[in-house]
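First comes the structure, then the notes that go with it.
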Amino acid sequence: MTISALPTTFDEAVDLAIIGGTGLYQLDCLKPVAVLPPIQTPWGATSSPITIAVFIGDSNTTNNKFVVAFISRHGINHEFPPTHVPFRANIAAIKKLQCKAVLSFSAVGSLQEHIKPRDFVLPQQLIDRTKGIRNSSYFNEIGLVGHVGFGNPFSTKFADFIYQFKDILTNPDSDEPCLMHYDQDTTVICMEGPQFSTRAESKMYKMLGGDIINMSVIPEAKLARECELPYQMICMSTDYDAWRDHEDSVTVDAVFGHLANNGRNANALATKIVKEMAKNLPEFMINGDGLKGSIKMSVATKADVMSEQTLQNVRFLFPEYW
Ligand SMILES: CSC[C@H]1O[C@H](OP(=O)(O)O)[C@H](O)[C@@H]1O
Ligand SMILES: Nc1ncnc2[nH]cnc12
């Protein structure tokens, strides 16, 4: 069946949302069963149609039906630059589909010698260096105020789950294996872009404690937290940014040179992750990773002073609270 002949609605709950970034527009282990046209939310339309897919199992997989919603961060033709990705619509749509967690992929530059192009990184910390021009909250307006905890911006349980498959990464063009880097201090810097950093900025980000850099983890991670969704980004290194004086600074050609291998590894890793989840839904997806109920506590504005429009918006995300 061609993609265009698939249903455009899907009424069952979805297990996992996957956000594909630069160079990752689909996943091979998934069989599409519906393609939802860009979903309209109170924060606009999603950046792409949402492909609803089921895991294509093998003889070792139990028959549990595992449903994934796949969305392209920059659109199917890469038309949204990082500043203008409709992040709020994307995460709101994921929430509406009742996904239990968000797995996000991103192409990143490396700020550390030991993180080579083609290595993968599971960051646990981030530093926001965007310029304040992205809408990065559902709860930041007059008449709706919320302050969520963001000390640990990623899901460690989810990262632990992913890290068990670290040996799946391959690099056919080199004797050096691709590594997966993961510890509690590993930090991603999020810059505004779209231009890459200057050499001085790149060195400053290293001094700040950055390990990798991209243009998309903010506000995606913040919004997932505001939707009580466990969130982990798999960062795929493509370049050494601009801090190595003896080398050319990053260009889009350098990034694209590693996208094919990173895409193959992302597919292999996603297959492992989804297969294992289908077999045995991890605890953090059942119990919500300690986030359930956090938003009810975090929103300071009383419901009886919220406008009808505000109530409609918050009910889109949390019909159970308001
Ligand atoms: C084309 S290099 C810069 C671009 O790549 C990354 O995109 P994504 O995170 O969606 O994979 C980075 O964040 C920049 O947007
Ligand atoms: N060096 C870099 N800076 C920001 N985003 C990136 N994505 C890939 N490489 C990057």
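The values are calculated or read from the model by the stated rules, or taken from the named source; none is laboratory data. Everything quoted here is computed from the prediction, not taken from an experiment. Protein only, heavy atoms only, side chains kept; ligands, DNA and RNA dropped before computing areas. Shrake-Rupley method; radii C 1.70, N 1.55, O 1.52, S 1.80 Å.
Here the Karplus curve 6.51 cos²θ - 1.76 cosθ + 1.60, taken at θ = phi - 60°, turns the phi angles of segment 138-150 into couplings of 8, 10, 9, 9, 5, x, 7, 10, x, 10, 9, x, 9 Hz, with x standing for Gly and Pro. Could you tell me whether segment 128-170 comes out rounded, prolate or oblate from its Cα gyration tensor? Rule is a ≥ b ≥ c as square roots of the eigenvalues, rounded for a/c under 1.5, then prolate if a/b exceeds b/c, otherwise oblate. It is prolate, given that a/c is not under 1.5 and a/b is the larger ratio. Taking all protein chains together and rolling a 1.4 Å probe, Glu283 ends up with roughly 120 Å² accessible.
His258 exposes around 50 Å² of accessible area when a 1.4 Å probe is run over every protein chain in place.
Please identify the helices of the chain, taking whole runs of DSSP H, that span at least 18 Å along their own axis as judged from the Cα atoms and have a mean Kyte-Doolittle score of -0.5 or higher. Walk me through the numbers before you get to the answer.
Values: long enough: 252-279 (39 Å, -0.06).
Helices meeting the criterion: 252-279.
Expressed in nm², what is the orientationally averaged projection area of the convex hull enclosing the Cα positions of the chain? Directional mean of the projected Cα hull area for the chain stands at 16.9 nm². Which of Ala53, Ala260, Ala93 moves the most in a Gaussian network model of the chain with Cα springs under 10 Å? So, out of Ala53, Ala260, Ala93, the one fluctuating most is Ala260. Sequence-distant contacts, meaning Cα pairs under 8 Å at least 6 residues apart, place the relative contact order of segment 3-317 at 24 percent.
Overall dimensions of segment 147-252, expressed as equivalent-ellipsoid semi-axes from the Cα gyration tensor (√(5λ), whole Å, largest first), are 25, 21, 11. Here the accessible area of segment 3-317 is 51 percent carbon and sulfur, with a 1.4 angstrom probe and all protein chains present. Can you bin segment 49-207 into rounded, prolate or oblate? Criterion: square roots of the alpha carbon gyration tensor eigenvalues sorted a ≥ b ≥ c, rounded for a/c under 1.5, prolate for a/b above b/c, oblate for the rest. Oblate, because a/c is 1.5 or more while a/b does not exceed b/c. Distance between the C-alpha centres of segment 96-126 and segment 256-271: 13 Å, rounded to the whole angstrom. Quick one: grab the alpha carbon gyration tensor of segment 200-266, order the square roots of its eigenvalues as a ≥ b ≥ c, and give me rounded if a/c is under 1.5, else prolate or oblate depending on whether a/b is larger than b/c. Oblate is the answer for segment 200-266, as a/c is 1.5 or above yet b/c matches or exceeds a/b. Per residue, the accessible area of segment 3-317 comes to 44 Å² when a 1.4 Å probe rolls over the protein heavy atoms.
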